[in-house]
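Taking it in order: structure first as structure tokens, then the write-up.
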Amino acid sequence: MNMQMNESEALVVFSGGQDSTTCLFWALKNFRKVHTITFSYGQKHSAEIEVARAIAEKAGVDFYLQDASFISQIGSSSLTDTSIEMDQEKPADSFPNTFVPGRNMFFLSVAAVYAREHGIHHLVTGVSQTDFSGYPDCRDSFIKSMNLTINLAMDDQFVIHTPLMWLDKAETWKLADELGVFDLVRNETLTCYNGIKGDGCGHCPSCKLRNAGLQKYLSEKSTL
């Protein structure tokens with residue numbers, strides 16, 4: 001499989017955040033050529049698009065921006081609607097309101113069509129069930145189901161790769177370090193829901209998760 005991957009091209013669903021940037025450099029290590037697709041879906045932290053463009057340029061990979069604004073028009077989320085106050089913690093009985101309904105389903109569907117048109121059969125996404133914040137479309141069962149659905153829908157054979165699926169945030173930082181891009185991921189990515197690059201605002205749910213993982217990794221590394 002590794003030999004097949006090294007001879008193949010891959011398309012990374014790329015937001016310019018910690019997870020997708022780590023996946024981008026994982027893909028560069030494992031595939032002959034790598035492309036990226038970034039989505040504009042009405043996200044309030046739209047600065048991530050230019051961050052993604054800059055990182056793709058630095059990595060020397062193709063960057064394609066796809067309008068997906070319909071996602072914010074048909075669904076409700078605090079990441080796309082300025083009138084909704086962002087949940088700071090996951091509610092006990094429901095999804096956090098930072099969940100964007102259908103986002104990964106739409107992203108992977110569109111990415112697969114783009115990939116098909118360019119002769120690409122490997123898709124890479126940075127979803128994780130270990131640190132999935134209660135988002136149902138980050139689960140391994142969803143990815144496996146989506147992979148089958150895409151293959152049936154286009155009568156083709158795609159493989160969706162999820163390098164971070166079983167990693168927590170500390171382990172994701174470790175992977176970035178092993179790939180030689182720890183400083184880039186820490187300083188040049190945008191994970192913050194309030195649109196602040198690097199270590200972010202420090203108090204939104206995404207920043208809390210990212211920074212807790214960072215501190216755990218740095219603590220573990222210092223004891224080695």
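The values are calculated or read from the model by the stated rules, or taken from the named source; none is laboratory data. Keep in mind that what you see is a predicted model, and the values were worked out from it rather than measured. As a convention, Cβ positions derive from the backbone with ideal geometry for all residues, glycine included, and neighbour counts pool all protein chains shown. Note: areas computed on protein heavy atoms with side chains; ligands, DNA, RNA excluded. Shrake-Rupley method; radii C 1.70, N 1.55, O 1.52, S 1.80 Å.
Tabulated data for the structure shown
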| quantity | calculated |
| --- | --- |
| Residue list for segment 149-201, filter: farther than 26 Å from I120 by Cα and in contact with a strand residue (DSSP E or B) (Cβ under 8 Å, 6 or more places away or on another chain) | none |
| Residues satisfying the stated conditions in segment 32-41, i.e. open to solvent by 10 Å² or more (accessible area, probe 1.4 Å) and over 15 Å from V110 (Cβ atoms) | R32, K33 |
| Residue within segment 15-31 that is basic (K, R), modelled with pLDDT of 95 or more, open to solvent by 10 Å² or more (accessible area, probe 1.4 Å) and within 16 Å of D177 (Cα to Cα) present | yes |
| Meets criteria (of a type in the set (S, T, N, Q), part of a helix (DSSP H, G or I), out of contact with any Leu (no Cβ under 7 Å at 6 or more places or on another chain) and surrounded by fewer than 18 Cβ atoms within 10 Å (Cβ to Cβ)) for S145 | yes |
| Condition broken by L218, with the remaining ones in (1) open to solvent by 30 Å² or more (accessible area, probe 1.4 Å); (2) part of a helix (DSSP H, G or I); (3) in contact with a Leu (Cβ under 9 Å, 6 or more places away or on another chain) satisfied | (3) |
| Filtered residues of segment 185-196 (kept if in contact (Cβ under 8 Å) with a residue 12 or more places away in the chain and surrounded by fewer than 18 Cβ atoms within 10 Å (Cβ to Cβ)) | R186, E188, N194, G195 |
| Complete set of residues in segment 104-130 that are in contact with a Leu (Cβ under 8 Å, 6 or more places away or on another chain) and open to solvent by 40 Å² or more (accessible area, probe 1.4 Å) | Y114, H118, T130 |
| Residues satisfying the stated conditions in segment 46-95, i.e. within 18 Å of I196 (Cα to Cα) and either at pLDDT 75 or above or aliphatic (A, V, I, L, M) (or both) | S46, A47, E48, I49, E50, V51, A52, R53, A54, I55, L79, M86 |
| Qualifying residue in segment 164-183 (condition: in contact (Cβ under 8 Å) with a residue 60 or more places away in the chain, in contact with a Gly (Cβ under 8 Å, 6 or more places away or on another chain), surrounded by fewer than 20 Cβ atoms within 10 Å (Cβ to Cβ) and in a loop (DSSP other than H, G, I, E, B)) | no |
